[in-house]
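The values are calculated or read from the model by the stated rules, or taken from the named source; none is laboratory data. All values derive from a computational prediction rather than experimental measurement. Positions of Cβ are backbone-derived with ideal geometry, glycine not excepted, and every protein chain shown enters the neighbour counts.
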Amino acid sequence: MPTYTPPLRDIRFVLHDLLDMEGTLAPTGAFPGLDRALIDQVLEQAGTLAAEQIQPQNLASDAEGCRLTPTGVVVPAGLKRAFQAFVAGGWSGLTAKPEHGGQGLPQTLAFVLNELTSGASIALSDYFGLFAMVYRMLQRHAAPALRERYSEGLATGRIGGTMCMTEPHCGTDVGLAKTRAEPAADGTWRLSGTKIFISGGDHDLTENIVHLVLARAAGDPPGSRGLSLFLTPKILPDGSRNSLGAVRLEHKLGYAASATCQMAFEGATGWMIGERCKGLVALFDMVNAARLMVGSQGMAGAEAAYQIAAAYSRQRLQGRAPGKPAQPELPADPILCHPDVRRLLLTSRAYIEAARALYLGLGLEVDLAEHHPDPARRQAAADWLGFLTSSVKATLADWGVWSANDSLQVLGGHGYIRDNGVEQILREVRLNPIQEGANGMLALDLIRRQIPRQDGAVWQRFLETLRAEEAAAPASLADLAAGLAAARERLERASAFIQERMAQDPAEAGAAGTDFQRIMGLTLFAWQWLRIARAATAGLAHGGDDGFLAGKLMTARFFFQRLLPLGEGHWLALRAGGETLMAPPPDYFWPDA
């Protein structure tokens, strides 16, 4: 049976040594009493919850799956027990306001909680993350009466929540939505339409579920600019059942324990959130939070798969190490002795540790954007998040799939069967490059919207941040600084090339998008690895080390020498342009009649 060991030491290294979470958040004044001891206490307790209460239910819950019954969706029994432990521990209100029964802690710690629960069970973490995001949405955009009615239930785990955007005929292009909203005499609205792929659309975990639904009122403009957002509960305030429900459970590649529903709204009562025709603007707060959660699930799944693969590689005997036997007293050596197995494991580790630093760094920016007393600093954090969120989601999601696949490869045939756990992880992280914006669309968002935004001001700030990191490197890390400089220059060349080609043919952005995004992702990782290497070098200069910090430097050099060069291949492919992509006529893609 697979197990999961929460990577608390590495998380502490990122929060304390790399990001200085305590010092960074102190100027906000929003978290009195937050210190290193409290942070570590939360980490320890969250790790215990993940390892002892959630992960043991994961394999059985995947096998059992969810069931649609005449009275609603029934989740696996083990998942329900894990959810009850989560709620009983107060985790559903980790960042919620104390007046709603929450603990009022930073969002950065919610990011950590999401990693740990996702490492233990990606399907279960979906419920937790959604409920917390709906809570935050209400605080930012809902009228006081709606906040008063639903905030405490969401914070204490009595009420669940969903985000209802996708419809059968449209996915990313939500402007094509057909769900209708008609005003009622009492100031409420009646919603009618069908939504699909709704995570947590129905379940028996909570006493109520509030659905955030995009719909269009008669006479409002077409496209996304005419959509409004509505809060539509499963159970109405008077206790009666609303005119909505799950009509189908999606049968998915993974996430079997996560209730992904097709939802029918048949004149359901709802309340408008925010301004009319501004629904997508309000909902995008939640979309961006969901993108970060999805990206981190790729990293967390990769961590869990890596742990299984690393343990297996030390125990599995097969062949002899190159040169001479590593353990001649045994009939064969552990496969960890073989170079290609080490390549697979080191690649996963290089991804996971850089991804964790990147993701938690954005968690701090979320807290600064919400709580810093200086409006300019709040805006700078918001701009930084707006620029990086799509790229971080896409990068972490892609590499999460590749890393889990590499871990399965380490186990060979034993990885391909369900009992060892990697097969389930690979099925589940495969959703991440699709979910909350397909990665190809997010690449277009980076090229067309994020880089030119504010006349390129945030893009230039990003490049200056990389240059500053290169300049800050000590002499012992000069080779890594040079590697980051080369990656940055390649990224700048690629951006300039695309912008020039787009002026002649807009299709060039789509042709170049994925390659550019992967150059961006590798550059992001190079930036993080130089920061990690600097922190490790400083730590080594201040005392002894049991191998943890030295290991950081070894993994950093592996990344710069074996993984960062992949960016050159993407640069060559990008320069080829879109001609060979667009040359085949449409009937080329159909089989012969």
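Can you tell me which residue among LEU431, LEU444 is out of contact with any Ser or Thr (no Cβ under 8 Å at 6 or more places or on another chain), in contact (Cβ under 8 Å) with a residue 12 or more places away in the chain, closer than 25 Å to VAL401 by Cα and not in a helix (DSSP H, G or I)?
The match here is LEU431.
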Complete set of residues in the range 537-570 that are surrounded by 13 or more Cβ atoms within 10 Å (Cβ to Cβ), over 19 Å from GLU353 (Cα atoms) and either among the polar types (S, T, N, Q) or more than 26 Å from the chain's Cα centre (by Cα) (or both): GLU568
Among residues of the range 476-513, those that are closer than 17 Å to PHE558 by Cβ and among the basic types (Lys, Arg), counted: 0
Meets criteria (surrounded by fewer than 24 Cβ atoms within 10 Å (Cβ to Cβ), small (Gly, Ala, Ser) and modelled with pLDDT of 95 or more) for GLY104: yes
Pairs where the first residue, in the range 318-341, is in the same structural domain as LEU411 (by TED's automatic domain parsing) and over 20 Å from ARG562 (Cβ atoms) and the second is surrounded by 15 or more Cβ atoms within 10 Å (Cβ to Cβ) and of a type in the set (S, T, N, Q), C-beta under 9 Å, 6+ apart: PRO334/SER313
Qualifying residue in the range 336-343 (condition: farther than 30 Å from ARG180 by Cα, at pLDDT 95 or above and in a loop (DSSP other than H, G, I, E, B)): yes
Filter result for PRO233 (over 23 Å from the mean Cα position of the chain (by Cα) and surrounded by fewer than 17 Cβ atoms within 10 Å (Cβ to Cβ)): no
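Can you name the strands (runs of 3 or more DSSP E) wholly within the range 113-222 that have at least 3 residues being of a type outside the set (D, E, K, R)?
Hits in the range 113-222: 159-164, 189-199, 208-217.
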Looking only at the range 43-69, and only at residues there that are of a type in the set (S, T, N, Q) and part of a helix (DSSP H, G or I), the one that is nearest to GLY93 (Cα to Cα): GLN45
First in the range 100-120 and under 13 Å from LEU364 (Cβ atoms), second anywhere and of a type in the set (Asp, Glu) and crowded, with 24+ Cβ neighbours inside 10 Å, Cβ under 7 Å, 6 or more apart: PRO106/ASP367; GLN107/ASP367; THR108/ASP367
Residue pairs meeting the criteria (Cβ under 7 Å; at least 6 apart or on separate chains; first outside the structural domain of PHE516 (by TED's automatic domain parsing) and among the acidic types (Asp, Glu), in the range 481-500; second in a helix (DSSP H, G or I) and surrounded by 21 or more Cβ atoms within 10 Å (Cβ to Cβ)): none
Spans of helices (runs of 4 or more DSSP H) in the range 450-560 with at least 2 residues closer than 22 Å to ASN439 by Cβ: 453-472, 478-504, 507-541
Residues within the range 572-591 that are without any contact (Cβ under 8 Å) to a residue 12 or more places away in the chain and either under 15 Å from MET502 (Cβ atoms) or aliphatic (A, V, I, L, M) (or both), tallied: 4
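Condition check: touching a strand residue (DSSP E or B) at 6+ places or on another chain (Cβ under 6 Å), of a type outside the set (Asp, Glu) and at negative phi. Does LEU68 satisfy that? Before the answer, list the steps.
On the way: touching a strand residue (DSSP E or B) at 6+ places or on another chain (Cβ under 6 Å): yes; of a type outside the set (Asp, Glu): yes; at negative phi: yes.
The answer is yes for LEU68.
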Residues being out of contact with any helix residue (DSSP H, G or I) (no Cβ under 6 Å at 6 or more places or on another chain) and not hydrophobic (A, V, I, L, M, F, W, C) - total across the range 17-55: 12
Residue identified as under 27 Å from ARG291 (Cα atoms) and assigned to a loop (DSSP other than H, G, I, E, B) among PRO331, PRO373: PRO373
Whichever residue in the range 412-447 is basic (Lys, Arg) and within 19 Å of SER296 (Cβ to Cβ) and, among such residues, is farthest from the chain's Cα centre (by Cα): ARG427
Within the range 236-271, tally of residues that are buried (at least 22 other Cβ atoms within 10 Å of the Cβ) and of a type outside the set (Gly, Ala, Ser): 6
Total residues in the range 7-42, condition part of a loop (DSSP other than H, G, I, E, B) and more than 22 Å from ASP545 (Cα to Cα): 7
Out of THR347, THR269, sole residue that is of a type in the set (Val, Ile, Thr), in a strand (DSSP E or B) and either at pLDDT 95 or above or closer than 28 Å to THR232 by Cα (or both): THR269
